[in-house]
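Asker: There's a structure below that I have some questions on.
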Amino acid sequence: MIQLIRGFRDILPGEVEIWQRIEQTAVALFEDFGFRESRIPILEHSELFARSIGEDTDIVEKEMYTFADRRGDLITLRPEATASLVRSYIQHRVYAREPVQKLYLIGPMFRRERPQKGRYRQFYQIDAEIFGVHSPLADVELIFLLVTLLSRLQVTDVGAHINSLGCRRCRPHFRTALLDFLTRRSELLCSDCNRRKARNPLRILDCKVPGCREAMTDAPSILDHLCPDCQRDFATVQSHLDGLGVPFTVDPRLVRGLDYYTRTTFEIQTGALGAQSAVAGGGRYDGLMELLGGPDLPATGFAIGLDRLAEIVGFDRSGIARGPDVFIAALGGDIRSRAFEWCCRLGVDGIRAEMDFEDRSLKSQMKRADRLGAARVLIVGEREVQEGAAILRDMQTRDQVAVPLNDLVENLKQKIHNTSD
Ligand code: HAM
């Protein structure tokens, strides 16, 4: 038997309803905050990601699904959405009409990481971006949105962590101070970190290897190296989060795994997912637009890991898959034909009706209605036809009422609406 690819997975009915609820909640909230959806390709030129995420990141170095297409062009299955959204904003010159854009996107991303719980090779993100706003209030809005979404989904055991990564002006000073410190600690660092030292030293702050963590306890803090503008912005973010009642932790070790970030960055972390603690991450990336050949405009955004979020939502999962409003148990060929038409007409009116297409006993039809979680069963056999009324049984209370066959669809609709009000 051909199995699915390692690190990929099927989200089947039963679980998919949870995803749908999350997506619907997110879309409603985003739209209320003025965000609009963008649908863009899953495949892009590899160079887009190499340039934006950074050649020296884990994603670009070893995790991208990159291949040559039939013409030999190098293309990549997107590992994230930000670079593509920026590409699209530049390509269509959206900035010339209205530079401020609030966008969202929900879809699959691909990274060839080592699969484990909460980490997949095809995973889904809910992504939101604000283009064209310098003010740190845009960062606050995004964090607020994220926290509000999680609260609507009844997620507990999460915390917002924030940091500032400085800007073109101040980060080089921090980098020098960090490199200085790392040179003195190099024998304590793991081989990965020693390799990273020259090209991407900030990532060492984030290394999970215990030896590295210990070696880095007294590492210099980026927050001591911020220029006055970055300091002011970061203070604004914090005071507005306080004002909005959003709890947060300042974490100078939060460096993120993509190179484009500047100034405020953030993550939502949870203890509920084992090693994969980040449910969402994001931040400002003011230089990316220009780096990709567009205007020098600021941007900020986040992405939520939908696979991880689906594991920790707090709403009641049991009742979420909706069963049929009514199962029509028809006995006999002619009655089944009529039942089929009733089902179609009820469906058009928003009432979910199911039936059995085969000639089965009442007992087996009742069993199936039960398995499907039908709220009611409408029983129609020879006797009911003779008497001119079907029997409608409430599967929970076991109460039964007669429903006239004459104008059955209308009668049934009324009964169902009356009982579900
Ligand atoms: P990221 O931190 O790489 O950021 O990914 C965001 C979220 O996607 C993570 O917090 C995690 O929940 C989820 N995620 C990442 N990799 C996997 C995986 N292999 N399996 C399951 N879930 C995963 C970004 O992608 C940035 N583009 C976010 C952003 C938007 N920054 C600015 N705008």
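Quick note: the coordinates plus some simple rules give every number you see, no bench work behind them. Only a predicted model underlies this, so the values are computations on that prediction, with no experimental measurement involved. Note that we place each Cβ from the backbone using ideal geometry, even for glycine, and neighbour counts take in every protein chain shown.
Asker: What's the FRET efficiency of Ala177 with Arg322 using the Cβ-Cβ distance as r and R₀ = 60 Å, to the nearest 0.05?
Answerer: Rounded to the nearest 0.05, the efficiency is 0.55.
Asker: Assuming R0 = 22 Å, can you tell me the calculated FRET efficiency for the pair Glu31 and Ser135, based on Cβ-Cβ distance, to the nearest 0.05?
Answerer: 0.50
Asker: Expressed in whole Å with the largest first, what are the equivalent ellipsoid semi-axes of segment 169-291 derived from the C-alpha gyration tensor as the square root of 5 times each eigenvalue?
Answerer: 25, 19, 14
Asker: Longest segment of the chain with no trypsin sites (Lys or Arg not before Pro) in a DSSP loop having at most 12 other Cβ atoms within 10 Å?
Answerer: 209-321
Asker: Okay, next question. Over the chain, what is the relative contact order in whole percent, taking alpha-carbon pairs under 8 Å and six or more residues apart?
Answerer: Across the chain, relative contact order equals 15 percent.
Asker: To continue, here is another question. Based on the Cβ-Cβ distance from Cys227 to Ile5, what FRET efficiency comes out when R0 is 30 Å, to the nearest 0.05?
Answerer: 0.05
Asker: Mind putting together the pair-distance distribution for segment 326-415? All Cα pairs, 5 Å bins, whole percent per bin, short to long.
Answerer: Values per bin, smallest distances first: 3, 15, 29, 29, 19, 5.
Asker: Also, quick follow-up: Reported to two decimal places, what Rg/Rh ratio describes the chain when computed on Cα atoms with Rh from the Kirkwood expression?
Answerer: 1.12
Asker: May I ask you to compute the full-extension gain from Phe67 to Gln154, defined as 0.36 nm times their residue separation minus their alpha-carbon distance, rounded to one decimal in nm?
Answerer: This chain segment gains 27.2 nm when fully extended.
Asker: Here's another thing I want to ask about it. Can you compute the modelled spin-label distance between Leu291 and Arg338, with each label point 7 Å from Cα toward Cβ, in nm?
Answerer: For the pair Leu291/Arg338, the computed spacing is 7.0 nm.
Asker: Report the full-extension gain for the segment Arg21 to Thr397: residue separation times 0.36 nm, less the Cα-Cα distance, to one decimal in nm.
Answerer: Result: 132.5 nm gained on full extension.
Asker: Continuing with the same structure: Please turn the phi angles of segment 200-206 into ³J(HN,Hα) values with the Karplus equation 6.51 cos²θ - 1.76 cosθ + 1.60 (θ = phi - 60°), one per residue in order, whole Hz, x for glycine and proline.
Answerer: Values per residue, Gly and Pro as x: 9, x, 4, 4, 5, 4, 9 Hz.
Asker: Once both axes come from the Cα atoms, what is the angle between helix 137-152 and the longest principal axis of the chain, in degrees from 0 to 90, rounded to 10?
Answerer: Once rounded, the angle reads 40 degrees.
Asker: Also, I was wondering about something else. Using each residue's phi in segment 76-92, evaluate 6.51 cos²θ - 1.76 cosθ + 1.60 at θ = phi - 60° and report the 3J(HN,Hα) Karplus result to the nearest Hz, with x for Gly and Pro.
Answerer: Couplings: 9, 6, 4, x, 6, 9, 4, 4, 5, 5, 5, 4, 5, 4, 6, 4, 8 Hz.
Asker: Additional query: Relative contact order, percent, of segment 1-156 when contacts are C-alpha pairs under 8 Å separated by at least 6 residues?
Answerer: Computed over segment 1-156, the figure is 26 percent.
Asker: Of the GluC sites (Glu not before Pro) in segment 317-421, which ones lie in a loop per DSSP and count no more than 11 other C-beta atoms within 10 Å?
Answerer: Glu358
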